[in-house]
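*Asks:* Before anything else, here's the structure in question.
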Amino acid sequence: MITIMGITGQVGSALAGKLLADGQQVRAIVRDTVKAGSWAKQGCELALADANDADALATAFAGSDSVFILLPPNFAPSKGFPETRRIVDALHAALKKANPKKVVCLSTIGAQATQDNLLNQLQMMEKSFADLTMPVAFIRAAWFMENFIWDIDPAETTGTIPSFLQPLDKPVPMIATRDIATVAARLLQEDWSGHRVIELEGARITPEQIAADFSRLLDKPVQMQVIARDAWEGIFQSQGIAYPLPRMQMLDGFNEGWIEFEGNHTEHLTGTTTFAEVMAEKLQSMN
């Protein structure tokens, strides 16, 4: 049995599909069995558990050969990340109690960064899980290519995409979620030992290159528009983020280069899916 979190999200759904295709028994931890009902029809066992509930999580993890951990995304955390700390503590306690044979966690590029930023939430998880006795692998994934799906609408309607990544000719490490799922599926099914850090990227892409891909895919001129940093706070607050500083600092990290892969003791893998392929498939599904 392989137990996974996040089946209704991009990585989790791709991962579940791969595991089912490989003939694996999959248990999905969900908060809403109705929302995940389609996965039950495909053969997944559904386990109801809130990410803050250590006992419910332990019950869901029990009897698992492998567990895939995906922290619920929190793009608008409170100062000090108290919400994430509670979830990490619950996951840690549940894993210790259930003692699965191995654990694979989705982490992030820059998890080792010492500067304050939004990605510190994944660093908390890595540090907390360091004392687990079972084999643990952290997949430090690059910027998701799928993040740019939100830019399809402005690209189509105005031909201009607002860019917080800058300068526009600076390459950013990126990865497709399907490639993350491919690596995770392999790790969940293979035999290995110890604690591992696996850094994963597909390509280094500039905002200008992204605009050029959109131009080709949409058959119209598309350009990036730099959003000045002094405008970020107001923009994010207007989107409902009361405390936008961590998100702003994360963007600073990519723009200034201190959110980067660690190297040294880590493993490094490369995905094969291109940005143009990701967007072409999304555009096709929308038509």
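The values are calculated or read from the model by the stated rules, or taken from the named source; none is laboratory data. Since this is a predicted model, take the numbers as computed values, not measurements. Glycine also receives a Cβ, built like all others from the backbone with ideal geometry; neighbour counts cover every protein chain displayed. Surface accessibility is based on the protein's heavy atoms, side chains included, excluding ligands, DNA and RNA. Shrake-Rupley method; radii C 1.70, N 1.55, O 1.52, S 1.80 Å.
*Asks:* Could you tell me which of the residues 179, 213 is within 30 Å of residue 128 (Cβ to Cβ), open to solvent by less than 40 Å² (accessible area, probe 1.4 Å), of a type in the set (D, E, K, R) and not in a strand (DSSP E or B)?
*Replies:* 179
*Asks:* Within segment 225-244, how many residues are within 15 Å of residue 78 (Cα to Cα), open to solvent by 70 Å² or more (accessible area, probe 1.4 Å) and in contact (Cβ under 8 Å) with a residue 24 or more places away in the chain?
*Replies:* Count: 2.
*Asks:* Does segment 184-207 contain any residue that is assigned to a strand (DSSP E or B), open to solvent by less than 40 Å² (accessible area, probe 1.4 Å) and hydroxyl-bearing (Ser, Thr, Tyr)?
*Replies:* No, the conditions are met nowhere in segment 184-207.
*Asks:* Sticking with this structure for a sec: Please indicate, with yes or no, whether at least one residue in segment 245-259 is among the aromatic types (Phe, Trp, Tyr), within 18 Å of residue 145 (Cβ to Cβ) and either open to solvent by 30 Å² or more (accessible area, probe 1.4 Å) or touching a helix residue (DSSP H, G or I) at 6+ places or on another chain (Cβ under 7 Å) (or both).
*Replies:* No: segment 245-259 contains no residue that is among the aromatic types (Phe, Trp, Tyr), within 18 Å of residue 145 (Cβ to Cβ) and either open to solvent by 30 Å² or more (accessible area, probe 1.4 Å) or touching a helix residue (DSSP H, G or I) at 6+ places or on another chain (Cβ under 7 Å) (or both).
*Asks:* How about segment 58-77: which of its residues are touching a residue at least 40 places away in the same chain (Cβ under 8 Å) and touching a strand residue (DSSP E or B) at 6+ places or on another chain (Cβ under 9 Å)?
*Replies:* Hits for segment 58-77 are 60, 61, 63, 64, 65, 66, 67, 68, 69, 70, 71, 72.
*Asks:* Further, regarding this structure: Looking at segment 260-269, which of the residues that are farther than 15 Å from residue 143 by Cβ and touching a strand residue (DSSP E or B) at 6+ places or on another chain (Cβ under 9 Å) is most open to solvent (accessible area, probe 1.4 Å)?
*Replies:* The extreme case among them is 265.
*Asks:* Can you pull out the residues in segment 129-176 that are of a type in the set (Phe, Trp, Tyr) and part of a helix (DSSP H, G or I)? Spell out how you get there, then give the answer.
*Replies:* Applying the first criterion (of a type in the set (Phe, Trp, Tyr)) to segment 129-176 yields 129, 138, 143-144, 148, 150, 164.
Those that are of a type in the set (Phe, Trp, Tyr) and part of a helix (DSSP H, G or I): 129, 148, 150.
*Asks:* While we're here: Given the residues 269, 283, 251, which is the only one that is farther than 19 Å from residue 73 by Cβ, within 17 Å of the chain's Cα centre (by Cα) and aliphatic (A, V, I, L, M)? If you could, list the steps in order and put the result at the bottom.
*Replies:* On the way: 283 fails: within 17 Å of the chain's Cα centre (by Cα); 251 fails: farther than 19 Å from residue 73 by Cβ.
After ruling out the rest, the residue left standing is 269.
*Asks:* Report, by residue number, each residue of segment 1-18 that is open to solvent by less than 10 Å² (accessible area, probe 1.4 Å), free of Cβ contacts under 8 Å to residues at least 40 places away in the same chain and among the β-branched types (Val, Ile, Thr).
*Replies:* Across segment 1-18, the qualifying residue is only 7.
*Asks:* Another one. All but one of (1) open to solvent by less than 30 Å² (accessible area, probe 1.4 Å); (2) farther than 23 Å from residue 11 by Cβ hold for residue 169; which doesn't?
*Replies:* The single condition residue 169 does not satisfy is (1).
*Asks:* Can you name the condition, by its number, that residue 276 falls short on among (1) touching a strand residue (DSSP E or B) at 6+ places or on another chain (Cβ under 6 Å); (2) open to solvent by less than 40 Å² (accessible area, probe 1.4 Å)?
*Replies:* (1)
*Asks:* Suppose we filter segment 27-48 for residues that are among the aliphatic types (A, V, I, L, M) and under 20 Å from the mean Cα position of the chain (by Cα); how many remain?
*Replies:* Qualifying residue count for the region: 4.
*Asks:* Mind listing whichever residues of segment 248-269 are under 15 Å from residue 165 (Cα atoms) and either assigned to a loop (DSSP other than H, G, I, E, B) or touching a Phe, Trp or Tyr at 6+ places or on another chain (Cβ under 6 Å) (or both)?
*Replies:* 248, 251, 257, 258, 259, 260
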